Amino acid sequence: MLPQEIIRTKRDGGSLDDGQIAQFIAGVTDGSVSEGQVAAFAMAVFFRGMTTAECAALTRAMMHSGTVLHWHDQNLPGPVLDKHSTGGVGDGTSLVLAPIVAACGGFVPMISGRGLGHTGGTLDKFESIPGYNASPSLARFREVVRGVGCAIIGQTADLAPADKRIYAIRDVTATVESVPLITASILSKKLAAGLHGLVMDVKAGNGAFMPTTRRARLLAQSIATVAGAAGVPTVSLVTDMHSPLGRAAGNAVEMHEAIGVLTRRSSSPRLTDLSLRLAAELLLIGGLARDLADATQRCQAALDSGTAAERFAQMVGALGGPHDILERPHRHLPSAPIARPVFAATSGVVTHIDTRAVGLAVVALGGGRTRPQDAIDHAVGLTDVAEHGSPVNADRPLAIVHARRDEQVLAAAEALRAAFVIDGARKPARRRLVQDRLTG
Ligand code: URA
């Protein structure tokens, strides 16, 4: 069938069969389907949607457009598991979760992305570690996963190349916000890593890609259902992103925060709680625990005993980073020359945070990017970010700004004062961190 006939069928509200979808994606991959045809297809799906069967076929076709990793030849003594988040601000859960799962008997081949827009990216955080090789050969990646239990690396060109082309076209044709297209895009990359189970963290809130819980639920359900149909048991959690997850936002600063959580030297309750919950869901999916309570207790024990921290250090060392990152993070991670607190104009309680604006303040400091090719400054960012419901006053700042230049601090201070709403009297209702749990 000609690509234009496939597009016409979808445009007119018809359903595509597996063969038609596979043929279209083969054309996307070999270049015989033009950019205009990809754009028209994406727009047709945007308006007409897809059935679960179509979305599963699209996911499979995109996943098989490049290399698909297999682990059976490695004889791993545990399941291959991974987590994916739709992205937020101050979200360092991958850094904490992967070593916890590894310490509990799972194997985590995590292929992570860069930050774009106001959200941070796991890959950027790891690139703040000197010497860390986030693009090893696939053979080395597999070796580290086998030996350590987890490896976090960057996207490789050979996994799901069709998604790379389609995503770039969606980005400039106003077709990103389509649940079936997002589902297939995320899952094609994740499932190409050869997983036995996946947990999805779909963020909802003013710092998330999906601002409303209703939209986040739709995506969460779609991903769990389609991944399940593709044979990968998946649990989706809808989690709060109406405020930064942790107390740091940036790259090296988030690495410090994660190391603090792993070594128990500092606490970051929301980051710790969400990392434990997502890790526990993975143990359950992977058959490594009896129930969620047992899984949570195992994850907590891995954190408390230091075995998760050890896995983290082993992973960093195995991928070329310093072997003493846990003992001497300050020696290795870059730091900005200025660290200055920013105070609110009035004392009171934080009742609202424009989380996206907090993320954009990090971008303005140089810690994030607005175009994929932009370089970033790993040292800058925010720490001690005031939490929703916490007091701020002359002693307790909105955040500490880490910057290179004074004028950057001034700009960040202005952005932060505008992003936080402070109320003198009213303490806001607590937001639930995990708002929903959906399975396929
Ligand atoms: N992230 C992805 O990888 N793909 C999308 O379509 C949206 C977010």
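Numerical summary
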read-out: Percent accessible area from carbon and sulfur atoms, the chain, protein chains only, probe 1.4 Å; value: 52
read-out: Positive-pole candidate from PRO322, ILE422, SER94, dipole of the chain, charges at beta carbon; value: ILE422
read-out: Helical mean residue ellipticity (222 nm; -39500 (n - 2.57) per DSSP H run of 4+; nearest 500) of the chain; value: -14000 deg cm²/dmol
read-out: Estimated D of the chain in µm² per second, where Rh is the Kirkwood radius over Cα pairs and Stokes-Einstein applies at 4 °C, 1.567 mPa s; value: 58
read-out: Rg followed by Dmax, in Å, when the range 198-261 is reduced to its Cα trace; value: 14.2, 39
read-out: Among GLY321, GLY36, GLY66, residue whose mean-square fluctuation peaks in a GNM of the chain (springs only between Cα atoms under 10 Å); value: GLY36
read-out: Anisotropy class of the range 219-327 from Cα gyration tensor, a/c 1.5 cut; value: prolate
read-out: Violating pairs (Cα-Cα greater than 23 angstrom) within the set LYS83/LYS125; LYS83/LYS203; LYS125/LYS427; LYS10/LYS190; value: LYS125/LYS427; LYS10/LYS190
read-out: Equivalent ellipsoid semi-axes - Cα gyration tensor, the range 94-173, angstrom; value: 25, 15, 12
read-out: Kirkwood Rh in Å, taken over all unlike Cα pairs in the range 263-311; value: 11.0
read-out: Residues with amide H under 5 Å from that of ILE338, placed H, sequence gap 5 or more; value: ALA403
read-out: Mean shadow area of the range 320-433 over all directions, Cα convex hull, nm²; value: 9.3
read-out: Cα-Cα separations in the range 301-361 greater than 12 Å, expressed as whole percent; value: 80
read-out: Packing-based ranking, highest mean first, of 53-65, 410-422 given that Cβ atoms within 10 Å are counted; value: 53-65, 410-422
read-out: Amide H within-cut-off set for HIS352, under 5 Å, with H built and near neighbours excluded; value: VAL421
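The values are calculated or read from the model by the stated rules, or taken from the named source; none is laboratory data. Only a predicted model underlies this, so the values are computations on that prediction, with no experimental measurement involved. Here Cβ is always computed from backbone atoms with ideal geometry, including for glycine, and neighbour counts include all displayed protein chains. Heavy atoms of the whole protein, side chains included, go into the accessibility calculation; ligands, DNA and RNA do not. Shrake-Rupley method; radii C 1.70, N 1.55, O 1.52, S 1.80 Å.
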